[in-house]
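Please treat every number below as a calculation from the coordinates, not as lab data. Since the model is a prediction, treat every value here as computed from it, not as a measurement. Heads up, the Cβs are rebuilt from the backbone with ideal geometry, glycines too, and the neighbour counts pull from every protein chain shown.
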């Protein structure tokens, strides 16, 4: 596998200490996505999870029934105190919700973590179809968080919105990734779960190289939180010192097993099985 030229973000951790990952995202009362999924994925992949909650969602496997924003000073405070005390090897963002939150997060990160790599998961719509990002916040996201992102992880619909390119095939994924690189992201992973076909292809592009990750499509309704889970797992492996393509590969392997081993929970789109490594140890 070729290297990307941006693979070593942090020193490897020979002492096996956990990667410090700060997740800035919304809370999911159903436990399958958002901050809850992030904590589980980070822990299961060898990281230490810290959180800055941006919103409280009233949510289960069937839908989002309410979104209660967290005050901006509380969002900023959570980020400041964790970074000033524990620090972070990687920062991962998920649901930010609105323009003001994006502006707050961007400002705090520029002030306190300008050199810390950020994995930006541009959460716009929940698996249930409920919108999680205000329409007037999209341009703010593109202007403030996409430029400089160490890794951007949009699914196909999100990639279309961010790039202005149609994403209906692998070629569309490639064109969208190219466009997002042009807008300042250092690397882009355009996920192929929403693109038709029996084989899912995720396309990773950096300013130097391009990589393709393929896996058979798994027929299941347990897909709640897949994007959050993947981004958090990748962020953890980056924090552990892996090269970017290796971190993506490890994150995908973790997610695929979590989907394959998912247990039926809820009456809608159920969660993946974040704890599958523990199941294998029993």
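Taken over region 81-106, the criterion of being touching a residue at least 24 places away in the same chain (Cβ under 8 Å) and surrounded by fewer than 15 Cβ atoms within 10 Å (Cβ to Cβ) is satisfied by 84, 86, 87.
For region 243-262, name all the residues that are touching a residue at least 24 places away in the same chain (Cβ under 8 Å) and in a loop (DSSP other than H, G, I, E, B).
If the condition is that a residue be touching a residue at least 24 places away in the same chain (Cβ under 8 Å) and in a loop (DSSP other than H, G, I, E, B), then 243, 262 are the ones that fit.
Counting the residues of region 263-282 that are part of a loop (DSSP other than H, G, I, E, B), in contact with a helix residue (DSSP H, G or I) (Cβ under 6 Å, 6 or more places away or on another chain) and touching a residue at least 60 places away in the same chain (Cβ under 8 Å) gives 2. Of all residues in region 216-256, exactly one satisfies the criterion of being more than 12 Å from the chain's Cα centre (by Cα) and on the phi > 0 side of the Ramachandran plot, namely 241.
The numbered conditions (1) buried (at least 24 other Cβ atoms within 10 Å of the Cβ); (2) within 21 Å of residue 132 (Cβ to Cβ) are all true for residue 221 except (1).
Checking each residue in region 166-189 for being surrounded by fewer than 19 Cβ atoms within 10 Å (Cβ to Cβ) and outside any helix (DSSP H, G or I) picks out 166, 168, 169, 183, 184.
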